[in-house]
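Let me begin by presenting the structure, written as structure tokens, before commenting on it.
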Amino acid sequence: MYKFKIYQYLIPLGLCLAVVSCKTPAITPSQATAAVPDSFGAIAAKDTTNMATLPWKTYFKDPNLVALIDTAIKNNQEVMITLQEIEIAKNDIRLRKGALLPTVGVKAGTGVEKVGRYTSQGAGDASTEIEPGKEMPDPLTDITLAAYANWEVDVWKKLHNAKKAAVSRYLSTIEGKNFVLTNLVAEVADSYYELLALDSQLAIIRQNIQLQTNALEVVKVQKEAARATELAVQKFQAEVLASQSMEFETLQKIKETENKINYLLGRYPQEIKRDNSDFLSLLPSEVKSGIPSQLLANRPDVKQAEMELAAAKLDVKVARAEFYPSLGISASYGLQAFKASYLFKTPESVLYSLAGDIAAPLINRNAIKAEFASANARQLQALYNYDRTILNAYVEVSNQLSNISNLDKSYALKAKQVEALNRSIEVANDLFRSARADYFEVLMTQRDALESKLELIETKKAQLNAAVHVYRDLGGGWK
């Protein structure tokens, strides 16, 4: 009765201290759901068609690229690592579920005890007969075989909330895996288009070498006819050597790009199968960006941040429940005797117990306060990270849409520039043969034409990459 009276006072006191001590920072729904603009531009978008909903096998048309991406998804080591993170999170859910159930076990033990004769226990044992005429043994052995159970009653939903937090983190790891897939698909596509661009640049460089070699032969003939000087011959020779050096630099870039793709595919270096047709004829996919609010549902990193925020909120509830009294129940049932021959004599050897206890922190609560404050801080961190992730997603898409528009205009102008310089090469060569233009004009025209062709290929590659990036930034590539 006295013990019960103490708990009558301890429970209300613990509850009062808990209420005073665990103030949670207010996070309103408007804070947790960052408002995004109505469109990616100045004019509000009405078309909700979003290219991110397309599976990557539908979005990419090149069968060689599709095969490379498929291999990368199956073999990439980073994807394999994230799959193991999912398994770890799944096991954490099982751990949290187990905490909700009683812990049941079996124990067996033996021991021996010798107490002093002139003690209350020793005197009592000496005067006690187990059976008529049979005294208690000295020293006294103890043999026990019993089952036991312990259970923390989840009164304040602490364990349930911990399990829900583990589920949220499991869902977060799935979104994390999807985010890795999205970036992997984009990286393989980027590298593939880089490889095609380098192949095209190599072909142009070799064509330019042939053109420069022909011009060098013309200059040599003109020198023999006293129509050109040794200086002209050496300048043309230098241009040929510079282009040949550029050829080997491009070959090295091709090798490195092939190796990068093989690395992403999780395999050792080998030749990358690709279509070497006219690179400049490739057209980027049509861009359909939808509306910004769709980023919340399509972007894996946004959904991952959302799951982390949900888990952080539950962590605060778990930390707050530590201030409340906890109710524990324990029980045991088995056999106990001081001699093996008596162990299975029932009901004399039967032991059982059933106990319940309530414990509440009263004095040394600094550790609980510190953990609760940390949980609050982590919740705010998760909120800020969620808002930042949404903002970053919007900015990335906005940048890529602007990039696509400007690249289209730039490509049209560079194409005209290449066309004009191609005509100028023919004109310069004709004038040079008729001694109406000097060798310097021919060299500069050839150099400008080469640079413009290489820049045009770079611009085409940037167009294709921009289409890949906007697909990735809208949340496509993981389906």
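What follows is calculated from the coordinates using simple rules that are stated; it is not laboratory data. None of the values given here were measured: they were computed from a predicted structure. Here the Cβ positions follow ideal geometry from the backbone for every residue, glycine too, while neighbour counts run over all protein chains shown.
Stokes-Einstein D for the range 70-224 at 20 °C, 1.002 mPa s, Kirkwood Rh over Cα pairs, in µm²/s? Please report the intermediate quantities before stating the final value.
Numbers: Rh = 24.8 Å.
Value of D from the Cα-based Kirkwood radius: 86 µm²/s.
Could you let me know the centre-to-centre spacing of the range 158-172 and the range 61-123, using Cα atoms, in angstrom? The two parts, judged by their Cα centres, are 16 Å apart. Distances between placed amide hydrogens fall under 5 Å for Lys288 paired with Met51, all partners being 5 or more residues away or on another chain.
Amide H contacts of Leu351 (H built 1.01 Å from N, in plane; Pro and chain starts excluded): Gly334, Leu335, Gln336 sit under 5 Å, all sequence-distant by 5 or more or on other chains.
In the neighborhood of Leu196, defined by Cβ-to-Cβ distances under 13 Å, what is the net charge if each Lys or Arg adds +1 and each Asp or Glu adds -1? Mind dumping the intermediate values first?
On the way: positive: Lys253, Lys273, Arg274, Lys460, Lys461; negative: Asp62, Asp190, Glu194, Asp199, Glu258, Asp275, Asp278, Glu458.
Around Leu196, the charge tally is -3.
Taking a straight Cα-Cα cut-off under 21 Å and skipping sequence neighbours fewer than 8 places away in the same chain, the lysines within cross-link reach of Lys414 are Lys453, Lys460, Lys461.
Over the residues of the chain, the helix contribution to mean residue ellipticity at 222 nm works out to -22500 deg cm²/dmol, using -39500 (n - 2.57) for each DSSP H run of at least 4. The 3J(HN,Hα) values that the Karplus relation (6.51, -1.76, 1.60; θ = phi - 60°) gives for the range 227-240 are, in residue order, 9, 9, 10, 5, 4, 4, 4, 5, 5, 5, 4, 5, 5, 4 Hz. Gly and Pro appear as x.
Relative contact order, whole percent, for the range 333-465 stands at 18, derived from Cα pairs under 8 Å and 6 or more residues apart.
P(r) for the range 325-384, from all Cα pairs and a bin width of 5 Å, is 4, 14, 11, 10, 10, 9, 8, 7, 7, 7, 6, 4, 2, 0 %, short bins first. Of Lys61/Lys255; Lys114/Lys134; Lys61/Lys409, which ones are farther than 22 Å apart at the Cα? From the list (Lys61/Lys255; Lys114/Lys134; Lys61/Lys409), the Cα-Cα distance tops 22 Å for Lys61/Lys255; Lys61/Lys409.
Put simply, the chain fits an ellipsoid with semi-axes of 81, 29, 18 Å; these come from the alpha carbon gyration tensor as the roots of five times its eigenvalues, largest first.
In summary, the lysines within cross-link reach of Lys107, defined as a Cα separation below 21 angstrom excluding same-chain residues under 8 places away, comprise Lys339, Lys345.
Convex hull of alpha carbon positions in the range 139-215: directionally averaged projected area 14.6 nm². Between the listed residues Ser398, Asn385, Val219, the Cα displaced farthest toward the positive end of the dipole of the chain, a dipole computed from Cβ unit charges relative to the Cα centre, is found at Asn385. Counting only residues at least eight positions apart within a chain, or on another chain, the lysines with an alpha carbon under 16 Å from that of Lys164 are Lys90, Lys97, Lys313, Lys317. In a simple Cβ point-charge model (Lys, Arg +1; Asp, Glu -1; nothing else charged), the chain has a dipole of about 1260 debye relative to its Cα centre. Taking Cα centre as origin and charging only the Cβ of basic (Lys, Arg, +1) and acidic (Asp, Glu, -1) residues, the dipole magnitude of the range 208-336 rounds to 280 debye. Size check on the range 228-330: the Cα extents along the three principal axes, sorted descending, read 103, 38, 30 Å. When the chymotrypsin sites (Phe, Trp or Tyr not before Pro) in the range 38-138 are filtered for DSSP coil states and for at most 16 other beta-carbon atoms within 10 Å of their beta-carbon, the remaining sites are Tyr118. Each of Ile174, Asn422, Leu354 was placed along the dipole of the chain (beta-carbon charges, centred on the mean Cα), and the one lying farthest toward the positive end is Leu354.
Amide hydrogen proximity for Thr141: with H placed 1.01 Å from N in the peptide plane, the residues at 5 or more positions away or on another chain lying under 5 Å are Glu113.
Charges only on Cβ, +1 for Lys and Arg, -1 for Asp and Glu: so what's the dipole of the range 96-152 about the Cα centre, in debye to the nearest 20? Mind showing how you got there, number by number?
On the way: 6 positive and 8 negative charges, 99 e Å.
For the range 96-152, the charge dipole is close to 480 debye.
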